[in-house]
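As structure tokens, the structure follows; a few thoughts come after it.
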């Protein structure tokens with residue numbers, strides 16, 4: 001066997017190409033002079049090759065020999081061809097050939113590649129465009145099965161962007177990935193040892209950044225201004241792995257990519273800041289537009305969920321009266337939660353004694369304190385990362401902003417925290433303003449109600465004063481008329497008695513003459529006629545007094561069961577002397593109208609105002625050639641609803657459309673100064689309302705107006 005080895009050694013000794021024999025572990029067994037010179041000092045022949053590479057080329061060569069196929073590997077200024085051998089003595093397992101002419105020219109060709117890379121990564125500020133262009137360049141010069149680009153967040157705690165580039169150029173970008181860097185071995189190693197790493201099949205770590213069935217992997221950090229901002233991980237199924245010159249090239253490419261990524265991140269941060277400012281402006285605009293709590297919180301939860309890029313976003317509001325409002329936003333496909341699933345929110349702030357209103361942030365819900373919420377409870381809600389921010393009003397908890405990340409663990413970066421703090425502060429101010437507005441609105445409504453009550457009281461006072469004056473007037477008339485009327489009636493009765501006695505006495509012109517019967521009889525007849533006329537006149541006066549008293553109903557301040565027709569007739573009698581005698585009053589009374597339980601004096605006031613207004617409207621129409629002065633009073637009864645209706649129609653000038661909605665307002669009048677007070681119809685409205693009724697009108701200009709009064713009968717009696 002030793003002789004065979006010497007034959008091989010002698011054979012390669014006479015070959016001018018640099019050759020070296022290696023064993024299965026990649027250690028040198030022999031070489032020719034050219035090989036000894038070419039390979040002398042190369043670090044791949046030692047156990048460790050220094051800090052620049054974590055794995056020796058020796059290990060890489062050994063893996064190629066075990067694969068049993070010819071492979072190539074980069075070396076300084078050359079390419080080493082690895083040819084496996086079988087059945088040789090002395091442990092020889094392969095032969096290495098130094099090929100200086102095949103190595104990548106470190107000058108012109110390398111510069112061209114780097115210029116091509118520079119154009120690719122600097123052609124756009126959009127990361128998607130950068131990665132797509134870079135993937136095509138890398139595939140041309142460093143063939144790979146899959147390339148992965150990882151961009152870390154500013155804290156280096158989380159993977160913010162993850163890019164996968166397939167061999168055919170397909171691009172898959174996951175933005176806002178936010179997976180923990182500590183959970184990913186490749187990322188963790190790059191952060192601890194920020195230089196390039198080569199992995200063979202035997203040493204490949206368990207990482208989702210390496211393609212399945214990969215034979216080797218090359219991992220290079222992205223470093224900008226001395227800080228690791230990410231990495232490039234390339235996987236290949238080629239047994240020979242990656243060459244040294246490819247590692248060097250990728251290292252230089254990573255430097256350019258790091259600068260391009262930082263520029264794109266700055267652009268992205270500018271856009272994100274614009275989005276945040278838009279969110280704040282949107283919230284401020286909604287506050288200014290409405291000051292409605294529902295609109296404020298509904299707008300905030302939607303805009304915040306979109307800007308943060310979160311699975312779920314909740315905003316809860318605890319109002320001073322103990323009520324609660326909740327608004328929710330979730331990504332499509334994310335399960336919607338109920339409020340009872342968020343019972344831990346208040347506990348987060350009430351259980352902490354020191355600085356209780358600091359935000360509560362969990363990158364991993366498995367770290368949640370058990371006294372706040374069980375992991376099982378959070379996992380049932382599909383929560384992996386959690387953040388809760390308090391909304392304060394005057395240093396008191398008024399609500400919460402809660403964020404759930406459901407698809408991956410999320411490292412909450414400072415940008416997110418600052419935005420959410422600002423949002424919580426703005427919402428606190430907004431809710432405080434909304435509360436003040438609500439309080440002012442409630443005070444305004446209370447003042448309006450008080451004003452309305454005062455106006456009603458004023459109307460009733462005016463009405464009471466009018467009725468009191470009318471009552472005094474009626475009482476005075478009744479007293480003044482009754483006194484002479486009583487004398488008249490008494491005298492009339494006395495005269496009749498006297499004349500009756502006188503008629504029984506003999507009547508003669510002189511002594512001795514016969515009675516002049518015919519003359520006496522004429523005198524008695526004349527007296528009887530006068531007495532009868534006096535009786536009729538006194539009866540008429542008594543009826544007038546009775547109707548005056550019936551209208552005023554001075555002795556009926558409580559509910560009474562009365563005949564409405566009698567009240568209407570009394571009112572007509574009272575006002576008849578003050579209206580144009582040419583106006584015809586038509587009464588269409590329902591024969592079955594029941595007696596009504598009401599305040600008679602108040603309803604008579606309504607009839608009087610409506611009839612007087614009708615008469616005035618007709619009198620204003622005298623200028624029309626077809627003047628038809630008619631007031632129609634119509635009553636009806638609906639047994640099904642027990643409602644009584646009184647319609648008072650006139651053929652007057654009508655009411656314009658713009659004035660119809662104001663006729664029942666206190667103080668509104670279409671009459672001239674000194675003619676109307678504007679209280680008549682307002683009084684009518686209040687009186688009918690007091691009777692649980694309704695008053696309405698219909699009107700056509702220059703044709704007439706109809707007022708309708710509907711009140712409940714509230715009595716089983718019938719009109720006689």
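Bear in mind these aren't lab numbers, they're just calculated from the coordinates by the rules spelled out. For clarity, every value in this text was computed on a predicted model and none was experimentally measured. Cβ sites come from the backbone with ideal geometry, for glycine too, and all protein chains shown count toward neighbours.
A few remarks follow.
- When only Cα pairs below 8 angstrom with a gap of at least 6 residues are kept, region 290-412 shows a relative contact order of 27 percent.
- Length released on extending from residue 11 to residue 636, taking residue separation times 0.36 nm less the Cα-Cα span: 211.5 nm
- Listed from fewest to most Cβ neighbours within 10 Å, the set 501, 81, 160 follows the order 501, 81, 160.
- Between the beta carbons of residue 657 and residue 708, assuming R0 = 22 Å, the FRET efficiency works out to 0.80 to the nearest 0.05.
- Only beta bridges with both residues in region 557-712 are counted; by DSSP, about 85 percent of them are antiparallel.
- Taking label points 7 Å from Cα along the Cα-to-Cβ direction, residue 503 and residue 577 give a separation of 3.5 nm.
- Linear extension gain, residue 202 paired with residue 444, 0.36 nm per residue minus alpha-carbon span: 79.1 nm
- Kirkwood-Stokes translational diffusion coefficient of region 290-412, alpha-carbon pairs, 4 °C, 1.567 mPa s, µm²/s: 87 µm²/s
- Nearest-0.05 FRET efficiency for residue 364 and residue 340, computed from C-beta distance (R0 30 Å): 0.80
- FRET E, pair residue 417, residue 292, Förster distance 30 Å, beta-carbon r, rounded to 0.05: 0.55
- For region 108-271, the direction-averaged projected area of the alpha-carbon convex hull comes to 8.9 nm².
- Taking each residue as 0.36 nm, the span from residue 379 to residue 272 lengthens on full extension beyond its C-alpha to C-alpha distance by 35.5 nm.
- Cβ crowding within 10 Å ranks 253, 527 as 527, 253, fewest other Cβ atoms first.
- Dividing the mean sequence gap of close Cα pairs (under 8 Å, 6+ apart) by how many residues region 206-257 holds gives a relative contact order of 38 percent.
- Inter-label distance for residue 665 and residue 172, nm, one decimal - labels placed 7 Å from Cα along Cα-to-Cβ: 7.0 nm
- Each of 243, 13, 144 was scored by other Cβ atoms within 10 Å of its Cβ. Listed from fewest to most, they are 13, 243, 144.
- If the convex hull is drawn through the Cα atoms of region 557-712, its volume per residue in Å³: 121 Å³
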